[in-house]
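One structure below.
The values are calculated or read from the model by the stated rules, or taken from the named source; none is laboratory data. Computed from a predicted structure; not experimentally measured. Ideal geometry is used to build each Cβ from the backbone, glycine not excepted, and the neighbour counts take in all protein chains shown. In case anyone asks, the SASA skips ligands and DNA or RNA and just uses the protein heavy atoms, side chains included. Shrake-Rupley method; radii C 1.70, N 1.55, O 1.52, S 1.80 Å.
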Amino acid sequence: MNEFLSAINFDQMLEAFAETLYMSFGSLILAVIIGMIIGILLYCTQTGGLYENKFINPIVDLIVNILRAVPFIILMILIIPITKFLVGTMLGATAAIPSLVFAAAPFYARLCVIAFTEVDKGTIEASKAMGASKLQIIFKVLLPESLPALISGVCVTGISLISYTAMAGAIGGGGLGNLAYMYGFIRRNNAVLYTATALIVLLVFIIQGIGDRIVKKIDKR
Amino acid sequence: MIELKNIVKTFAGKNTEIHAVRGVTLNIEDGDIFGIVGYSGAGKSTLVRIINQLEKQTSGEVVIDGKEISSLSESQLRLERQKIGMIFQHFNLLWSRTVAENIAFPLEIAKVDKAVRQKKVQELIRLVGLEGREGAYPSELSGGQKQRVGIARALANDPKILLCDEATSALDPETTDSILELLNRINKELGITIVMITHQMEVVQKICRHIAVMSEGKVVEEGTVKNVFEKPRHEVTRRFVQTVGAGNLEKIRSDLKKKYPYGQILRLIFTGEISDRPILAEVIRKIDIPVSIVSSNITMGPDGPMGEIYSHISDGTQAQYKQFTKLLEAEGVKVEVL
Ligand SMILES: Nc1ncnc2c1ncn2[C@@H]1O[C@H](COP(=O)(O)OP(=O)(O)O)[C@@H](O)[C@H]1O
Ligand SMILES: [Mg+2]
């Protein structure tokens, strides 16, 4: 056991953990904001939607589908120019964030559309009948009525982001994934490999647990 | 007054056009309770949705209190809609809001001050009899209670018109009665014009003053409920008049069973195609057992009596009961043993 523990550099492990948190949550916040805006746009411009638009809808839909189809590891390489432009470098935790957002925002946008589609059309119709404006319908009906699904979508997105950060880490983004790869795989340090894995699993469980609890509390259906 | 002038609504179907409403002209007076009945697919919902412009008509005019509302701008239309309440078959409440918050919703939309809002919500909760349930969520309410929330919400901005699309169709007979009573009271006390869409004739019979019968996108018969019930002219109307009570059968059955736990309870259905000889009297004389008529809604159709009679027979043998049924059936009366 002592042997196992002595093989781990705790400062390094802690720093990697902090980097993973930073990459995951930083990109999650941005991905959720951008994804929700795209989701609202997609939902509202579809046929029969509040702002039906036969031009914008298919274009945004196509972009979202393309971004979702490109494997993350390729996406990271493809958007290196954008990362360099935004962050100035392609190394380090901050540099991982643009590619994480590019991957997660379209994913969350899809989850938002699914959540909005589940909102009872009858309540939207009732709101129209009461004289609600389109913006009132979005902010007072669509978002509150789909909130549980939107929140569980945040969890699902957050969890996939954690596994993306591990991949981003392997390419030089830092974090637990980088640590596990550099020390665990290349230097065959099993203690580091297992501990890093355990920390990632723990993080996923915590996010899922918190998410489930919030959803359960606000879901009054 | 609501004036519908030659309303046509055509939907683009997959292959052919669907003419949901085919030229309907109707006048609905202020303070009336106006029933629109017809079978499913007759175009009732489409017509009522044209009144508040949830659906734009293909041609024709909707004039409310002298104002052509299909020509209003979007923001004018929103203001107009705040004065037209609507309730629905499936209530369409917001599940994420409590009873009080659901009722406050249309007031928020109309940008009413919070203090005024709260006072109004309290009044409405009292009006619909939901005291003590303010903080409940819709999922914790019964169907009848949900519809009461729907009604309170529809009345929040003091509308002059209340549109009801199958508002009682998802409710059991007792609850239907209590909701109809509430609507009746609202009509009397607040003077609100009510347009009731339904496929249940007994709903019309209970609260409407005027009625229009729709079939295949057209109004085929129209008039006071009394006149239409007494002299149904159109085939569809006749079938409707006959079904009065049919939806209520379960309740009638259990009520009668409670009242007459012995003997037999029969439902005699007169389809209007039998002679106007005093059939019932003749049959009763032949079998010689006590027959009491416990309820009836027979009207004289053009070809003879129509409607149904509930009767109770007792103090005879099983053979006599059977004989009674046979004799009536021989005269063209349909008999059901309840
Ligand atoms: N949005 C729509 N698109 C196409 N067809 C419709 C639409 N709404 C209603 N219809 C059609 O119009 C006809 C009348 O429907 P509706 O007004 O709902 O009848 P009712 O309320 O009397 O049952 C039906 O044939 C229905 O399929
Ligand atoms: Mg309908």
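At-a-glance table
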| item | result |
| --- | --- |
| Selected residue [modelled with pLDDT of 85 or more and closer than 27 Å to B:Q205 by Cα] from B:I309, B:I313, B:I274 | B:I309 |
| Residues satisfying the stated conditions in the stretch A:121-137, i.e. open to solvent by 20 Å² or more (accessible area, probe 1.4 Å), touching a Leu at 6+ places or on another chain (Cβ under 9 Å) and within 7 Å of chain B (Cβ to nearest Cβ) | A:E125, A:K128 |
| Inter-residue pairs, beta-carbon under 6 Å, first within 14 Å of chain A (Cβ to nearest Cβ) and in the stretch B:23-47, second modelled with pLDDT of 95 or more and near ligand 2 (Cβ under 9 Å from one of its atoms), 6+ apart | B:S45/B:D165 |
| Of all residues making up the stretch A:167-184, the number that are crowded, with 23+ Cβ neighbours inside 10 Å and either in contact (Cβ under 8 Å) with a residue 40 or more places away in the chain or not in a helix (DSSP H, G or I) (or both) | 9 |
| Residue count for the stretch A:138-177, restricted to those that are within 17 Å of the chain's Cα centre (by Cα) and at the interface with another protein chain (Cβ under 10 Å from one of its Cβ atoms) | 2 |
| Check on A:Y164, open to solvent by 40 Å² or more (accessible area, probe 1.4 Å) and in contact with a helix residue (DSSP H, G or I) (Cβ under 6 Å, 6 or more places away or on another chain) | yes |
| Test: residue in the stretch B:116-131 that is within 22 Å of the chain's Cα centre (by Cα), within 16 Å of ligand 1 (Cβ to nearest atom) and either under 17 Å from B:F91 (Cβ atoms) or assigned to a loop (DSSP other than H, G, I, E, B) (or both) | no |
| Residues that are more than 21 Å from B:K119 (Cβ to Cβ), open to solvent by 40 Å² or more (accessible area, probe 1.4 Å) and not in a loop (DSSP other than H, G, I, E, B), drawn from the stretch B:132-154 | B:S139, B:E140, B:Q145, B:K146 |
| Tally, over the stretch B:32-69, of residues that are out of contact with any strand residue (DSSP E or B) (no Cβ under 7 Å at 6 or more places or on another chain), more than 12 Å from ligand 2 (Cβ to nearest atom) and not in a loop (DSSP other than H, G, I, E, B) | 1 |
